[in-house]
Amino acid sequence: MLTSKVMDGRVLGMVLAGLAAMAANGAQAQGLGNSPYSRIGLGEFNANTGGVRQMGMGGVGVAAPNSVNVNELNPALLYYTGRTTFEAGYTGQYKTIKNAKASSRSGNGTLGYFALSVPLASRWGAAVGLKPLSAVDYESNILQDVTGEPGSQSLKQYKGTGGVSEAYLGQGVRIAKGLTVGFTASYLFGTVDETTGTTVQIVNNNDPLIKSVDRQHTRYSDFSFRAGAHYRQKVGKSLSMNLGGVYSFGHSLRGQQTNTQEREDMSGSLISAPTLVGDGRGSTYVPGLAQLGLSLDNDKNWNINLDVAQQQWSKFTSFNNNGPALSNTMRVGLGGEISPDPGSVEHYFQRVTYRAGISMAQLPYQPGGKTLYDRSVSWGFAFPMPTASALESTTLSLAFTYGQRGNTDVLSSGASNVQESYLRGQLGVTLNNRWFIKRRLQ
């Protein structure tokens, strides 16, 4: 008789390939199409709303344990990792942006995230992964009259790209019956490039047009930490209640910022060498995020979840504190999932998991003193592959979100708010495998 511990090489190869692909992309190309709101603060901020499973339920799941997907939303739920799990998601988005006078459409797709979780012991699970923390992706043009020069106009062009990514290590441990706690340490890194170009056209002036360009390059790197807790209690013969909480600690995100000025002709060619106007280190303070969740499930095939989150954006500061003051935000989400008959052999669609949810979130920007909102409805599906066995399985998941952010109200200054209508989709692949098993050969 021969006994050995073996690791499934196919799954390991896919994991390493995913790691290499994500490391090569880093924080590049995180944007999902032009978003004027990403010009403010750190950009479009990912408020710890999880992966493809959570997206299909309206971004909820702080108190919803799962044995198939990676439970990285709340590190305390990593205890429920049953098998080694690798998960990756690809995200795409199409949106319409409009104000009171004009509208435009844009879209993009990007490799969204990856995560790997492993059960280390009967009471202990861990996960590593990479996901976006924020994304900057905007481009806008503003045409204005030149004061003191009747008939003359100036064109201002604003553009920003880049973002910040989060590489994390999380662990969850059971400390008492039904009670688990978790902790996540993250390394944050990325770059943001922003430019402001100004071109002035003076009436009766035949000189070639010159564009003055201000460029700002910021490189970020630092650490952040997150803690979570989860309690599960039976409240009936086949009904369990779950309570969960996560707190992402506020922290300073250190960075190096370089500012330059240059002059270009209308073809984009430099007229003179760039001039350095500022180069130094600084930091951006990322405020704390508190999340609470309540979940009910029947220990078998359905659950329903309510999540509430609050973030103190009024404490946000950046290198030079430019830009409008931000306000604290609240987010509420309600969603759930159901698998009609997970063990069905004859009817495949009885094994499919169906998800749906809604959410509403305040935005930290208050033009004219009025709060803007992001309202959305979500739905999704999880398709188990028919090759599943007791040792390994593969699940393909789809999630969609349709939402509206902001409005087109005209302010007292005469300017108009911006409204974004978006359709976001995510394709996720989840691989479950028992890496370390005892196989007996006789």
Let me confirm something: among SER224, SER186, SER212, which residue is outside any loop (DSSP other than H, G, I, E, B), open to solvent by 40 Å² or more (accessible area, probe 1.4 Å) and among the small types (Gly, Ala, Ser)?
SER212
Looking at (1) in contact (Cβ under 8 Å) with a residue 60 or more places away in the chain; (2) closer than 22 Å to GLY61 by Cβ; (3) open to solvent by 20 Å² or more (accessible area, probe 1.4 Å); (4) touching a strand residue (DSSP E or B) at 6+ places or on another chain (Cβ under 9 Å), can you tell me which one ASP307 breaks?
(3)
Counting only residues that are closer than 13 Å to SER117 by Cβ and either in a strand (DSSP E or B) or in contact with a Gly (Cβ under 8 Å, 6 or more places away or on another chain) (or both), the range 77-95 contains a total of 10
The residue that is surrounded by the most Cβ atoms within 10 Å (Cβ to Cβ), considering only those in the range 310-334 that are on the phi < 0 side of the Ramachandran plot and small (Gly, Ala, Ser), is GLY333
Can you tell me which residue is surrounded by the most Cβ atoms within 10 Å (Cβ to Cβ) among those in the range 348-383 that are at pLDDT 90 or above and part of a loop (DSSP other than H, G, I, E, B)?
PRO364
Is it true that some residue in the range 137-144 is open to solvent by less than 60 Å² (accessible area, probe 1.4 Å) and hydrophobic (A, V, I, L, M, F, W, C)?
no
Check every one of the strands (runs of 3 or more DSSP E) wholly within the range 247-302 and list those with 3 or more residues that are closer than 13 Å to ARG215 by Cβ.
251-264, 275-286
Members of the range 46-86 found to be over 22 Å from PRO342 (Cα atoms), buried (at least 24 other Cβ atoms within 10 Å of the Cβ) and either at pLDDT below 90 or of a type in the set (D, E, K, R) (or both), listed by number
GLU72
Residues in the range 231-267 that are over 24 Å from ASN71 (Cα atoms) and loosely packed, with under 12 Cβ neighbours inside 10 Å total 4
On the given criteria, is LEU398 within 28 Å of ASN301 (Cα to Cα), surrounded by fewer than 18 Cβ atoms within 10 Å (Cβ to Cβ) and among the hydrophobic types (A, V, I, L, M, F, W, C)?
yes
Only residues that are farther than 15 Å from THR49 by Cα and touching a residue at least 60 places away in the same chain (Cβ under 8 Å): list them for the range 357-378, please.
LEU363, PRO364, TYR365
Top-ranked residue in the range 145-175 [being open to solvent by less than 40 Å² (accessible area, probe 1.4 Å), aliphatic (A, V, I, L, M) and assigned to a strand (DSSP E or B); ranked as nearest to GLU264 (Cα to Cα)]:
VAL164
Restricting to the range 269-304, count the residues that are surrounded by fewer than 17 Cβ atoms within 10 Å (Cβ to Cβ), farther than 25 Å from TYR365 by Cα and touching a residue at least 12 places away in the same chain (Cβ under 8 Å).
14
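Residues checked against (1) in contact with a helix residue (DSSP H, G or I) (Cβ under 8 Å, 6 or more places away or on another chain); (2) at pLDDT 95 or above:
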| site | (1), (2) |
| --- | --- |
| ASN259 | no, no |
| TYR285 | yes, no |
| ASN301 | no, no |
| LEU306 | no, yes |
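The values are calculated or read from the model by the stated rules, or taken from the named source; none is laboratory data. A quick note: this is a predicted structure, and the numbers were derived from the prediction, not measured. A quick note on method: Cβ atoms are made from the backbone with ideal geometry, for glycine too, and the neighbour counts reach across all protein chains shown. All accessible areas refer to the heavy atoms of the entire protein, side chains included, with ligands and DNA or RNA removed. Shrake-Rupley method; radii C 1.70, N 1.55, O 1.52, S 1.80 Å.
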